[in-house]
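A short write-up of the structure that comes next.
Coordinate-derived values only; no laboratory data. Here the structure is a predicted model, which means the values were calculated and not measured. All Cβ positions, even for glycine, are placed from backbone atoms using ideal geometry, and neighbour counts span all protein chains on display.
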């Protein structure tokens, strides 16, 4: 899996994108992955869609099936979560600054 460029960029991707790439490289369907990992198909689909997170248990199952270390899956999830949190924090701070400016203009 060629993920080095994505990890070092300033934009982070949900681990589901890497999961989708890994399945394509192994020429494996979601159904086959679910059967091998014993992860429900819908959970795998949700991860690929970016609607579910990679947990430690899922990371271990994916390691055995796709060959990418569980710690890497966890790091990808953590980096993505930090990226989302940072964007939320920035958005919140921007709203506070705008509110302060509007309040100052009224006073």
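Using 0.36 nm per residue and subtracting the Cα-Cα separation, the extra length available between residue 55 and residue 31 on full extension is 6.7 nm. Hey, how many Å between the Cα centroid of region 49-71 and the Cα centroid of region 18-45? Their Cα centres are 10 Å away from one another. A Förster radius of 41 Å, combined with the Cβ-Cβ distance separating residue 41 from residue 86, puts the computed FRET efficiency at roughly 0.80.
Taken along the Cα-to-beta-carbon direction at a fixed 7 Å, the label points for residue 24 and residue 64 span 2.7 nm.
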